[in-house]
Structures are given as C-alpha cells and as structure tokens.
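Remarks on the structure that follows.
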Amino acid sequence: MFKSDFVDMKDRLLGKTLTARERDIPRFCDVLIIGGGVMGSAIAYWLKWRTLDGLKVVVIEKDSTVIEKNPNSFKVRSYRDSSTTLSVGGLRQQFSLKENIELSLYTADFFRNIKEHLSVKGGDPPDVQFNPSGYLFLSAEDTAHTLVENARLQRSLGAKVELLSLEKLKEKFPWLNTEGLFLGCHGLENEGWFDPWSLLFAFKRKAMSLGAEYVEGEVTGFNFKQGSEYINQDISSEDVKHLEGAQVKLKDGQTINLNCGLMVLAAGPQSGEIGRLMGLGAQNSIYTAPIPVEPRKRYVYSVHCPDGPGFSSPILIDPSGTYFRREGLGGNYLCGRSPTDEEEPPTDNLEVDYDFFESKVWPILAHRVPAFEKCKVKSAWAGYYDFNYFDENAVIGHHPGFCNLYMATGFSGHGIQQAPGVGRAVMEMLIDGEFKTIDLSRLSFERYIEKIPLWESNIV
Ligand SMILES: Cc1cc2nc3c(=O)[nH]c(=O)nc-3n(C[C@H](O)[C@H](O)[C@H](O)COP(=O)(O)OP(=O)(O)OC[C@H]3O[C@@H](n4cnc5c(N)ncnc54)[C@H](O)[C@@H]3O)c2cc1C
C-alpha cells in the first residue's frame with residue numbers, strides 16, 4: 001500500500017470526506033520532480049521509459065493550466081513564464097565544451113527518431129518542426145582562433161561544420177556585410193531550430209502515458225527527516241540532511257505534503273530561489289552552498305523584413321552576440337542580443353524594452369545585413385534565462401547538503417536543446433548511480449564547491 005492510500009484511509013476514518021480531486025493527488029512517490037518544463041518532463045519520460053511501473057514518478061508544476069477570462073471569451077494558457085515556452089528553440093553543435101556538443105548531437109539523433117521515442121497510442125505523432133538551416137558563427141580577427149579550436153573539437157566529436165574565409169562567406173551568403181569579420185563557421189547538418197512548445201508537449205504527453213503523474217501546484221516549502229540515513233565514513237550525518245518531501249500549494253489554496261524517496265530540482269530560473277526554501281544559501285559550508293541559478297531577462301523581437309536573407313539563411317550569430325533567425329516564410333525574423341552586465345534589466349516582470357531593440361540590436365543587425373535597415377518590429381516577448389551566474393553552464397547532479405537531492409538546472413540559454421540527453425543522464429544517475437551514455441560529471445555541483453568554473457565560450 002502506498003502512503004497516499006494510507007493518508008486517504010486515515011482521513012476517511014476521521015470522518016473527513018475527500019473530494020475526487022483530493023483523492024487523485026498523490027501524497028507519496030519514489031521520485032519527485034520540481035518543475036514540469038522541458039527538463040522535468042524529459043526526466044520524467046526517461047525514468048518511466050526505463051522503469052515503467054517500477055517507479056512512481058510525480059512532477060509538480062505550478063503553471064500547468066491558466067484560464068484567462070474575458071467578457072466574451074476565455075483562453076486556456078499555460079507555462080506562461082517558463083523558460084521553455086519563451087525560448088527561441090535553437091539547436092547547435094557549435095559549442096566549446098565536449099559535453100555541450102555531445103548533448104546537442106544526441107538531440108539531433110533523438111529528433112530523427114522522435115516518433116519511436118515519443119509517440120503515444122491513439123495520438124498524433126510528435127512533430128517538433130525542426131528547420132535544419134544551420135548556425136553561422138562569425139568572428140573578428142582577434143577571436144578567430146577560438147572558432148578554429150572549437151570547430152576542431154566539434155568535428156572530432158562528429159559534428160559537420162565548415163570554416164569559411166571572408167571570400168567564402170561572401171560567396172555563400174551574398175546578403176552579408178563582412179566588414180570587421182575574419183572568419184565564419186557554418187553548421188552543415190543537425191543544426192537549426194524547432195518549436196519549443198511541441199517538444200515540451202511531446203515529452204509531457206509521453207511521460208504521462210507511461211504513468212508519470214503531474215500535480216498542479218507550487219512548491220512552497222520542504223519537510224526534513226530527523227536523523228540522516230546517509231552512510232558515508234567521511235561525512236557527518238549532522239551535516240547532510242534528508243528531504244522527506246515538499247509542501248505543495250494546490251490551485252485551490254490548500255497545502256499538502258508530498259513525500260518522496262528522491263527529489264530532482266528542475267525548476268529552471270527559479271531553482272536558486274527554491275534552493276533558498278531548502279535552507280541553501282550560506283557560502284561558507286559545502287552542505288548549504290547556494291544553487292547558483294537566477295532569472296535573467298532576455299528580449300526576443302519579431303521583425304518583418306521583406307528583402308531579408310530569405311529561406312536559406314542560417315541562425316546568424318554576430319561577434320557582438322546579436323543573432324537572428326528566420327521565422328516562417330513571410331519575411332519574418334526573430335532577433336535579439338543578451339545584455340551586458342551593465343545593461344541587465346530588472347527581473348520582476350516580463351515587460352519588453354523596445355528601446356533596447358532600437359539602440360542595441362537594430363544598429364548591429366542592419367550593419368551586418370544591410371537589408372535589415374528596412375525592417376519593422378511586429379511583436380516581441382521577454383523570457384527568463386535559467387542563468388548560472390557561476391559559469392553559465394548546466395548544473396547536473398547531486399547536492400552535497402542532502403542525501404536525496406539532485407539538480408538539473410542552470411542551462412543559461414542553451415537548455416531546451418539539451419533536454420533529451422540531460423533527461424537520460426539524470427535517469428542514469430538515479431537508476432545506475434553513474435552516467436552511462438554521455439559523461440556529464442564535469443557539469444556536477446563539485447565545480448561550484450571547488451570554485452573551478454567550466455566556461456562555455458559560445459554563449460549567446
Ligand atoms: C528568450 C529565450 C531564448 C532561448 N533560446 C534558446 C535556444 O535557442 N536554445 C536552447 O537550447 N535554449 C534556449 N533557451 C533556454 C531554454 O529555454 C531553457 O534552458 C530551458 O527551457 C530550461 O528548461 P527547464 O525545464 O529547466 O525550465 P523551465 O522551462 O523554466 O521549467 C521550469 C518549470 O518549473 C516551474 N516551477 C518553478 N518554480 C516552481 C515551484 N516553486 N513549484 C512548482 N513548479 C515550479 C515553472 O513554472 C516552470 O514551468 C532560451 C531561453 C529564453 C528565455
């Protein structure tokens with residue numbers, strides 16, 4: 001009998017009548033995943049794929065369903081602030097770290113076989129609308145050596161990228177202004193963009209079809225077990241705590257306790273904040289070290305440019321970090337740029353700063369591709385990067401302060417493309433106790449504890 005059944009029975013004996021909804025909400029599970037975005041859903045999928053009924057997996061998501069009511073209509077929206085649904089959906093192998101390259105190569109393979117992975121009986125086959133248009137990274141002379149080194153590593157791992165001299169760049173992309181450039185690197189396969197919503201939906205639908213349970217609610221606190229069960233000669237049991245479960249505030253305002261064996265934190269930009277709810281935050285002890293993840297606001301502008309580079313244009317990354325990509329076939333493009341440290345906007349809301357486009361994005365865009373001189377902003381949105389302020393890379397693995405807490409967070413703007421491989425890696429860590437396919441141990445929390453950053457040079 002599960003503990004949830006026991007709670008149910010206790011309530012009945014006390015004469016409390018449970019609503020059907022209350023009865024449906026689990027009170028105990030083997031693995032509790034906080035965050036039902038692309039990462040939490042990919043982890044749930046892989047855990048259920050591997051264990052089927054062997055593990056009870058529950059995902060808590062605070063923003064699953066939102067009903068917006070107007071006088072004349074109502075709209076159901078969800079994942080409004082999640083990184084996943086506000087992402088640009090780019091997939092590239094052009095990274096500088098082996099792990100990031102391998103994760104993206106795996107995603108391309110996963111997409112090729114997505115129907116085998118994520119189809120569900122009776123449902124439409126999954127389609128993430130992958131556009132294989134490649135990335136084009138551009139570099140000035142002083143940083144060209146990094147592009148060359150990165151390309152060498154990418155090729156050694158199986159990526160198909162080609163380095164392009166100025167002449168080749170002009171020949172291949174006649175709409176490009178090569179002033180100030182020295183070299184380019186173009187991805188020839190497995191790179192492009194896809195629809196973030198479709199990937200999230202496909203993972204979630206499949207995970208649920210395999211038996212993962214999604215609870216709509218917000219984690220607002222945690223319960224701890226008295227006396228740690230952690231057995232390790234080097235570690236005092238007083239230092240290492242044990243999470244008994246999470247306190248979850250449901251949509252109707254009621255708060256329940258949801259107990260678990262293992263907990264995985266996959267709450268995107270809110271992961272650092274949730275760590276604080278667990279009591280993490282003191283820098284002076286490895287057992288209470290904060291999770292170095294915070295929201296950082298990023299704008300995406302949708303512009304119309306009828307004479308733009310057109311169908312065959314790749315996702316272009318200017319040396320300044322300014323990027324654009326085609327959106328659909330009607331002369332529309334998405335573009336943006338990460339702000340500098342001094343320009344970082346406040347993160348208390350997701351309002352768009354249109355002046356940022358006028359002053360910081362457009363001039364660079366129009367310089368690099370003169371056709372963009374005549375473009376018009378049609379719409380824009382802002383989303384939160386799940387920013388790892390320590391070294392702008394994912395944190396995947398165990399937190400030393402708890403014997404049963406794992407993390408998959410801090411992807412810093414390149415997470416959606418890593419979800420298939422990270423989901424599988426977390427599953428391996430939980431079931432096998434080690435990474436079996438892609439070795440992600442360098443992305444573990446130890447590097448933060450030891451203060452040895454693992455920098456990725458190709459952050460956009
Ligand atoms: C503008 C923009 C562009 C991007 N472009 C790209 C790109 O081109 N390529 C790429 O690979 N990546 C990109 N990213 C990054 C990518 O979107 C993220 O790395 C990825 O989606 C992270 O997924 P996640 O599931 O960890 O986080 P999220 O999608 O944020 O999911 C976390 C979930 O946790 C839930 N949650 C939070 N707190 C609680 C709580 N207390 N209780 C319950 N639930 C909670 C949230 O509601 C959320 O749904 C971009 C991001 C942005 C903002």
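The values are calculated or read from the model by the stated rules, or taken from the named source; none is laboratory data. Keep in mind that what you see is a predicted model, and the values were worked out from it rather than measured. Cβ atoms come from the backbone with ideal geometry, glycine included; neighbour counts cover every protein chain shown. Just the protein is used for accessible areas: all its heavy atoms, side chains included, with ligands, DNA and RNA removed. Shrake-Rupley method; radii C 1.70, N 1.55, O 1.52, S 1.80 Å.
Look at residue 328 and say whether it is more than 18 Å from residue 412 (Cβ to Cβ), surrounded by fewer than 17 Cβ atoms within 10 Å (Cβ to Cβ) and either in contact with a strand residue (DSSP E or B) (Cβ under 8 Å, 6 or more places away or on another chain) or modelled with pLDDT under 95 (or both).
Working: more than 18 Å from residue 412 (Cβ to Cβ): yes; surrounded by fewer than 17 Cβ atoms within 10 Å (Cβ to Cβ): yes; either in contact with a strand residue (DSSP E or B) (Cβ under 8 Å, 6 or more places away or on another chain) or modelled with pLDDT under 95 (or both): yes.
Criteria met by residue 328.
Select from the range 259-279 the residues that are of a type in the set (A, V, I, L, M) and either not in a strand (DSSP E or B) or not assigned by TED's automatic domain parsing to the domain that holds residue 248 (or both) and write down the one among them that is most open to solvent (accessible area, probe 1.4 Å).
Top of the filtered list is 277.
Given the criterion of a type in the set (Ser, Thr, Tyr) and not in a strand (DSSP E or B), identify the matching residue among 406, 448.
Result of the check over 406, 448: 448.
Output the residue which, of all residues in the range 163-193 that are surrounded by fewer than 23 Cβ atoms within 10 Å (Cβ to Cβ) and aromatic (Phe, Trp, Tyr), is farthest from residue 38 (Cα to Cα).
Taking the candidates together, the pick is 182.
Within the range 364-386, does at least one residue satisfy the condition of being under 17 Å from residue 292 (Cα atoms), within 13 Å of the ligand (Cβ to nearest atom) and touching a Gly at 6+ places or on another chain (Cβ under 7 Å)?
Step one: list which residues in the range 364-386 are under 17 Å from residue 292 (Cα atoms), which gives 384-386.
Among the residues that remain, those that are also within 13 Å of the ligand (Cβ to nearest atom) are: 384-386.
Filter again for touching a Gly at 6+ places or on another chain (Cβ under 7 Å), leaving 385-386.
Looking through the range 364-386, at least one residue is under 17 Å from residue 292 (Cα atoms), within 13 Å of the ligand (Cβ to nearest atom) and touching a Gly at 6+ places or on another chain (Cβ under 7 Å).
Any chance the range 155-162 includes a residue that's open to solvent by less than 20 Å² (accessible area, probe 1.4 Å), outside the structural domain of residue 259 (by TED's automatic domain parsing) and modelled with pLDDT of 95 or more?
Scanning the range 155-162 turns up at least one residue that is open to solvent by less than 20 Å² (accessible area, probe 1.4 Å), outside the structural domain of residue 259 (by TED's automatic domain parsing) and modelled with pLDDT of 95 or more.
In the range 332-400, which strands (runs of 3 or more DSSP E) lie fully inside it and hold 2 or more residues that are buried (at least 18 other Cβ atoms within 10 Å of the Cβ) and small (Gly, Ala, Ser)? Write out each step before concluding.
Details: elements: 332-336, 376-388, 395-398.
Qualifying strands (runs of 3 or more DSSP E): 376-388.
Give me the pairs: first residue in the range 78-105 and without any contact (Cβ under 8 Å) to a residue 40 or more places away in the chain, second residue more than 10 Å from the ligand (Cβ to nearest atom) and not in a strand (DSSP E or B), beta-carbon distance under 7 Å, and six or more apart or on different chains, which are they?
Listed by first residue and then by second, the contacts come to 78/65.
Filter the range 336-376 for residues that are touching a helix residue (DSSP H, G or I) at 6+ places or on another chain (Cβ under 6 Å) and in contact (Cβ under 8 Å) with a residue 12 or more places away in the chain and give the result. Before you say what the answer is, go through the steps one by one.
Looking only at the range 336-376, we keep the residues that are touching a helix residue (DSSP H, G or I) at 6+ places or on another chain (Cβ under 6 Å), and these are 337, 365-366, 372-373.
Selection gives 337, 365, 372.
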